[in-house]
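Scroll down for the structure; my scribbles are underneath it.
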Amino acid sequence: MRRNKRTEGVVVRSRPVGDQDRAVVILSREGLLEATAYGAQRPSSRLGAAAQVGSRAVFYLYVNPVKGHVKVSDVDRVEVLDAGGLEGLAVFQLWADLVVATHGAGHEAEVYRLLLEGRDALRRAGGVEEVERVLLGWLLRFLGLLGVAPEWDRCARCGRGLGEEGAWWGSVEEGLLCRGCAGGREGAWWLSGAMRGVCAGFAEGRLGLGVRVRMEEGVRRGLVRVVLERGEEAVGRRLASAGLVREVLGVSGGGG
Ligand SMILES: [Zn+2]
């Protein structure tokens, strides 16, 4: 094992240790890495800004060959997350939690690229509407990387093409169900044909995260609710950060 390494990455978790240091989790294209940033809580520390969730930097690391501990020995090219507002910060925190909860989903390089793309799109987003679009696109792409995004154009049970019809997305396990297979269910997890179209565009990468997609407010907010719910389902638990996102965006929890 090399004792010194240099890696470019983004901090996805950061917690204080004692009153001086921070334990961080860094996502790079090789995956997640835990390290200690000694002194990062001190106001004069060079590591302080880099050790915050959302910060992107080049990290110089020292791997203790005996204990296996990793220490952040220096940082360079630090860019803190400047997401413009509480909405953007909450959204990034949710993404970071999802990445940690899934250990990068076995697609570390892709997840890293997606996180950087989302981070840039959040920094450029002007206002809540755009933050919601970026959140939506990111979560749909992430579900795709996890392998739990449904096929958007056919019923998962009977295989029938959905055309312009609406469909039911009650769980990641069931996938999308046509009206017949959904047994007449309606409500929060019912996606209109227009909603499915938006989902497919994002999930297949035809729509970039920063792109201004024409979406009615009801469609956009309905999708945000559904996709937040499916994201939590994919990691198997409720996330405090998802609750915060719902709160700051003013979308209530799922239902069905
Ligand atoms: Zn069906």
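The values are calculated or read from the model by the stated rules, or taken from the named source; none is laboratory data. Note that the coordinates shown come from a computational prediction; the quantities given were computed from them, not determined experimentally. Note that we place each Cβ from the backbone using ideal geometry, even for glycine, and neighbour counts take in every protein chain shown.
Checked against (1) over 26 Å from Val99 (Cα atoms); (2) at pLDDT 85 or above, Glu186 passes all but condition (2). Taking Leu114, is it touching a Ser or Thr at 6+ places or on another chain (Cβ under 7 Å), assigned by TED's automatic domain parsing to the domain that holds Arg141 and under 18 Å from Leu143 (Cβ atoms)? So Leu114 does not fit the description; no. Do we find a residue being farther than 17 Å from Ala35 by Cα and within 12 Å of the chain's Cα centre (by Cα) anywhere in region 120-134? Yes, region 120-134 has at least one match. Only one entry in Gly201, Gly222 is outside any loop (DSSP other than H, G, I, E, B) and either outside the structural domain of Leu114 (by TED's automatic domain parsing) or within 20 Å of Leu249 (Cβ to Cβ) (or both), namely Gly222.
Taken over region 107-165, the criterion of being of a type outside the set (Gly, Ala, Ser), part of a loop (DSSP other than H, G, I, E, B) and surrounded by 21 or more Cβ atoms within 10 Å (Cβ to Cβ) is satisfied by Pro150, Trp152, Cys155. For Val72, the criteria (1) of a type outside the set (Lys, Arg); (2) outside the structural domain of Val235 (by TED's automatic domain parsing); (3) in a helix (DSSP H, G or I) hold in every case but one, which is (3).
Residue by residue, here is whether (1) β-branched (Val, Ile, Thr); (2) surrounded by fewer than 16 Cβ atoms within 10 Å (Cβ to Cβ); (3) outside the structural domain of Val111 (by TED's automatic domain parsing) holds:
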residue	(1), (2), (3)
Glu30	no, yes, yes
Leu33	no, no, yes
Pro43	no, yes, yes
Val58	yes, yes, yes
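When region 166-185 is limited to residues that are near the ligand (Cβ under 9 Å from one of its atoms) and not in a loop (DSSP other than H, G, I, E, B), the one that is nearest to Cys199 (Cα to Cα) turns out to be Ala167.
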